[in-house]
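Reading through the structure tokens given below for one structure.
The values are calculated or read from the model by the stated rules, or taken from the named source; none is laboratory data. Worth saying up front: this structure is predicted, and the values here are computed from it rather than measured. For neighbour counting, all protein chains shown are included, and Cβ atoms are generated from backbone atoms with ideal geometry for every residue, glycine included. The protein model used for the area step is the full one, side chains on, heavy atoms only, and it has no ligands, DNA or RNA in it. Shrake-Rupley method; radii C 1.70, N 1.55, O 1.52, S 1.80 Å.
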Amino acid sequence: MKDKIKPTLVLTVICVIASLLLVFAYELTKESIAEQKADKFNTSVEALFGKTESKVVQLKCGYDEIQTIAVTPDKKTVIQICTDGYSKGGINILVGIDENGAVSGIEFVSLGETPGLGSKVRDEADFRKQFYGLTQPSDSFDAISGATFSSKGMKHAVDTALKVYNENKEAIIGG
């Protein structure tokens, strides 16, 4: 009987110790990870609008893809969206919306799409530029050949940003 209980007990103790070590490691690194995410966000905001401050807006908007919404003192808005392309959650972008409510830029936080194909949504500036100036979601766009899912994911991200902005403009700008 002891021979049957001993391996189970040893395995349980190992699992408990490993779990405690994971909790300790998480607690030890969570602030550093949060700072790195904030720095990456601020760097991306600067790439969109130049050197500026931004204030994160706390808003429940009903879209799961929305990660962060921030507004600058001159009423420009940044919406961070993480959505599916070919890869689940493979497109993580910031959509910059100017003070007139038009898309003014797109900056990538991360891209988990297929290198060489899906990565064209980031690498081909003309593809991104077709979204600039939009104030409402558009029915048509030019997808990149060979990267259809990634292209549709980008379009979905921009459309979602515009929907959130238009539906919550007062709360965002006044927030």
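A few points about this structure:
- Cross-link reach is defined here as a Cα-Cα straight distance under 21 Å, omitting same-chain residues fewer than 8 places apart; for residue 37 the lysines meeting it are 51, 55, 60, 76, 88.
- For trypsin sites (Lys or Arg not before Pro), the sites in region 26-74 that DSSP calls loop and that have at most 12 other Cβ atoms within 10 Å are 51, 60.
- Residues 131, 149, ordered by accessible area of protein heavy atoms at a 1.4 angstrom probe radius and largest first, appear as 149, 131.
- Here's the picture: charge each Lys and Arg Cβ at +1 and each Asp and Glu Cβ at -1 in region 20-156, and of 147, 36, 61 the one pushed furthest to the positive end of that dipole is 61.
- For the chain, a crude dipole built from +1 on the beta carbon of Lys and Arg and -1 on the beta carbon of Asp and Glu, taken about the Cα centre, is about 640 debye to the nearest 20.
- For Rg/Rh (Cα atoms, Kirkwood Rh), computed directly from the structure shown, the correct entry in (i) 0.96; (ii) 1.16; (iii) 1.12 is (ii).
- Residues with amide H under 5 Å from that of residue 57, placed H, sequence gap 5 or more: 69, 70, 71
- Stretchable slack from residue 129 to residue 14, in nm (0.36 nm times residue separation minus alpha-carbon distance): 36.0 nm
- Cα centroid of region 1-51 to Cα centroid of region 96-160, whole Å: 33 Å
- DSSP-loop trypsin sites (Lys or Arg not before Pro) across region 74-175, with at most 15 other Cβ within 10 angstrom: 75, 88
- Solvent exposure of the chain, expressed per residue, is 61 Å² of accessible area, with all protein chains present and a 1.4 angstrom probe.
- Per residue of the chain, the DSSP helices (runs of n ≥ 4 H) give a summed -39500 (n - 2.57) that works out to -16000 deg cm²/dmol at 222 nm.
- With respect to the chain, whose longest principal axis is taken over its alpha-carbon atoms, helix 148-167 is tilted by about 70°.
- The relative contact order of the chain, computed from alpha carbon pairs under 8 Å that lie at least 6 residues apart in sequence, is 18 percent.
- Region 1-109: GluC sites (Glu not before Pro) falling in loop per DSSP and having at most 14 other Cβ within 10 Å: 53, 99
- Compared with the dominant principal axis of the Cα atoms in the chain, helix 2-49 is inclined by about 20°.
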